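A.B. asks: Shown below is the structure under consideration.
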Amino acid sequence: METKVFRGLVVKATGSWYNVRVENIQEIFQCRIRGNFRLQGIKATNPVTVGDWVKFQLLAEENAGVITEIEDRRNYIIRKSVNLSKRTHVLAANIDQAVLVISLSNPRTSTGFIDRFLVNAESYHIKTLLVFNKMDLFEGTIKKQYDEIRSIYEKIGYSCIAVSALEGTNCNELKMLLQNKVNMLVGHSGAGKSALINQIDPSLNLKTGSISNWSGKGTHTTTFSEIFPLSFGGDIIDTPGIKEFGMVDLQKEEISRYFPEMFRFLHDCRFNNCTHEHEPACAVKKALEHGEISEIRYQNYLNILHGEEMDTEEWENR
Ligand code: GDP
Ligand code: ZN
């Protein structure tokens, strides 16, 4: 008898079994991998992860699918292994976009937090959509700050949208930006991630419980990642291990590569390992003086360079 091969998306992975959602029919099959299965070139503790596209066969005698092939990944995020094996744990793969939920008040997301996240996402080749939530509170100084912050990020190429999860403002526009994509929703606690999910897809809220808070601080968690379908098309990927996504281990001279507005000047610095802090003939500092790079972004860059906590409240000090 001929065995049929299916193609599907890994929506949950526990290490011993995998839930694979078959394309088109949307049905989920439990699969295993063969004991000797190895993914070429990746030294990971888990060869298959959430977000992977795989091929599998259904074996009647095992009452389960067997994964026979993993398709190449467009991107993936990792958590470093705690033991000394130097192997990494792949948290998720093939993320279309990170959706960073920002709250400018009650509580406040600092630009330092935003930039630290963006550097990580850039280093993983993941696009980020900036969602300014709680726009019902944009008045007076908060409104002015919002206008200024949004224009900084839009100028350097990040897509931005302002919404109110509370009142539903712009939530249909947000849905369109999430539709038919694998979205990773992140933001610190209190930014409004649950409220947003509840507003755009109430049925999902029960399943995700509380979606990951990205803190950039390292506490360990062993919970598994999972992908949840959006009722209007597309997916939300929940990776509890996202806390360890920050900070990626970067060499000092590497950090500026992940600031898109600095990247284009890097070749003009005199030294190719320039950190753009005190070196002579630095093209980045020249661009800063000419107003081509924002002071806030540059200050956040220096904080990352020095490994400092990012909650400097630049607005209060002006
Ligand atoms: P999470 O920790 O990111 O999941 O944040 P929650 O969704 O739990 O929201 C944190 C708090 O912010 C709750 O008290 C929400 O009611 C409030 N909140 C969320 N979205 C909005 C919004 O658009 N406007 C206002 N004013 N409050 C909001
Ligand atoms: Zn330089």
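The values are calculated or read from the model by the stated rules, or taken from the named source; none is laboratory data. Just so you know, these numbers come straight off a predicted model, no measurement behind them. Every residue, glycine as well, gets a Cβ built from its backbone with ideal geometry; the counts of neighbours run over all protein chains shown. With ligands, DNA and RNA removed, areas are computed over all heavy atoms of the protein, side chains included. Shrake-Rupley method; radii C 1.70, N 1.55, O 1.52, S 1.80 Å.
Residues are listed down the side, and each one gets a yes or a no for (1) within 30 Å of Asn46 (Cα to Cα); (2) of a type in the set (D, E, K, R):
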| residue | (1), (2) |
| --- | --- |
| Val101 | yes, no |
| Gly112 | no, no |
| Asp136 | no, yes |
| Asn172 | no, no |
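A.B. asks: Go through segment 11-35 and report how many residues are in contact with a strand residue (DSSP E or B) (Cβ under 8 Å, 6 or more places away or on another chain) and of a type in the set (Ser, Thr, Tyr).
C.D. replies: To start, the set of residues in segment 11-35 that are in contact with a strand residue (DSSP E or B) (Cβ under 8 Å, 6 or more places away or on another chain) comprises 11-13, 16-23, 26-34.
Then keep just the ones that are of a type in the set (Ser, Thr, Tyr); that gives 16, 18.
Counting residues in segment 11-35 that are in contact with a strand residue (DSSP E or B) (Cβ under 8 Å, 6 or more places away or on another chain) and of a type in the set (Ser, Thr, Tyr) gives 2.
A.B. asks: Please go through segment 251-274 and give me each residue that is crowded, with 20+ Cβ neighbours inside 10 Å and polar (S, T, N, Q), ordered by number.
C.D. replies: Answer for segment 251-274, where residues must be crowded, with 20+ Cβ neighbours inside 10 Å and polar (S, T, N, Q): just Ser256.
A.B. asks: Under 6 Å between Cβ atoms, at least 6 apart or on separate chains: pull out the pairs that start in segment 135-157 with a residue that is within 23 Å of Met262 (Cα to Cα) and hydroxyl-bearing (Ser, Thr, Tyr) and end on any residue that is at pLDDT 95 or above and within 16 Å of ligand 1 (Cβ to nearest atom).
C.D. replies: Short answer, once both residue conditions are applied: Tyr146/Leu104; Tyr146/Phe138; Tyr153/Leu130; Tyr153/Cys160.
A.B. asks: Residues of segment 14-57 being aliphatic (A, V, I, L, M), surrounded by 15 or more Cβ atoms within 10 Å (Cβ to Cβ) and at pLDDT below 90, which ones?
C.D. replies: Ile33, Leu39, Ile42, Ala44
A.B. asks: Would you check if there is a residue in segment 194-215 being under 24 Å from His89 (Cα atoms), modelled with pLDDT of 90 or more and either open to solvent by less than 70 Å² (accessible area, probe 1.4 Å) or away from ligand 2 (no atom under 16 Å from the Cβ) (or both)?
C.D. replies: no
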